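The values are calculated or read from the model by the stated rules, or taken from the named source; none is laboratory data. Because the structure is a prediction, the values reported are computed rather than measured. Ideal geometry is used to build each Cβ from the backbone, glycine not excepted, and the neighbour counts take in all protein chains shown. Ligands, DNA and RNA are stripped out before the accessible areas are found, and what is left, the full protein with its side chains, is counted by its heavy atoms. Shrake-Rupley method; radii C 1.70, N 1.55, O 1.52, S 1.80 Å.
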Amino acid sequence: MLDLGCGGGQDSAALRDAGFVVTSIDASPALAAEAKRRWNIDVRALDFADLDYDRVFDGIWAWASLHHARVDDLPSIFIRLRRALKSGGLLHASLKQGADRRDKFGRFFCAMDEPKLRTLAAAWGNVRIEREHGYGYDDEPTPWFRLRANAPAR
């Protein structure tokens, strides 16, 4: 399992504790260090656009991470995600809905709507997009997309 954009490592730790073999990546060396300190998680400091795995993972957990990428970079990132998965591997991702914006902590979130997300997932199989309401890290009410899709057979 790849925890893409693992942040402080809590999801990586939960996946590990559930019995998964987890590879954790995050673009922030400071968050990678925090994951090591808090959860004893080794995190590879790597930007999404530099993802370099080939048919390694059965699943990718991208929970509240892909929306930090620029929307123009997402098509190539989705290609890299497909390449990282084994045939039929599962991508499970969540992204904030709405326009380009920054939260009260200054963190960037790309513009995302359902047609754009469907276009990104067009080359995948068994695509499911759900809408839900929740909260962001800043405790602000937030509309979310939840995406599940399988890598196509090769």
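Each row is one residue, and each column tells you yes or no for (1) in contact (Cβ under 8 Å) with a residue 24 or more places away in the chain; (2) farther than 16 Å from Leu147 by Cβ; (3) surrounded by 13 or more Cβ atoms within 10 Å (Cβ to Cβ).
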{"position": "Gly9", "(1), (2), (3)": "yes, yes, yes"}
{"position": "Leu15", "(1), (2), (3)": "yes, yes, yes"}
{"position": "Ala33", "(1), (2), (3)": "no, yes, yes"}
{"position": "Arg37", "(1), (2), (3)": "no, yes, no"}
{"position": "Leu51", "(1), (2), (3)": "yes, yes, yes"}
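Here the range 73-98 is the region considered, the condition is being in contact (Cβ under 8 Å) with a residue 60 or more places away in the chain and either in a helix (DSSP H, G or I) or among the charged types (D, E, K, R) (or both), and the residue that is surrounded by the fewest Cβ atoms within 10 Å (Cβ to Cβ) is Lys86.
The set of residues from the range 102-117 being on the phi < 0 side of the Ramachandran plot, free of Cβ contacts under 8 Å to residues at least 24 places away in the same chain and not in a helix (DSSP H, G or I) comprises Arg102, Asp113. The residues listed here are Arg70, Arg107, Arg128, Arg101; of these, the one that is at pLDDT 95 or above and open to solvent by 40 Å² or more (accessible area, probe 1.4 Å) is Arg128. Taking the range 118-135, which residues are in contact with a helix residue (DSSP H, G or I) (Cβ under 9 Å, 6 or more places away or on another chain) and assigned to a helix (DSSP H, G or I)? Passing the criteria: Thr119, Leu120. Restricted to the range 53-67, and to residues there that are surrounded by 20 or more Cβ atoms within 10 Å (Cβ to Cβ) and of a type outside the set (S, T, N, Q), the residue that is farthest from the chain's Cα centre (by Cα) is Phe57.
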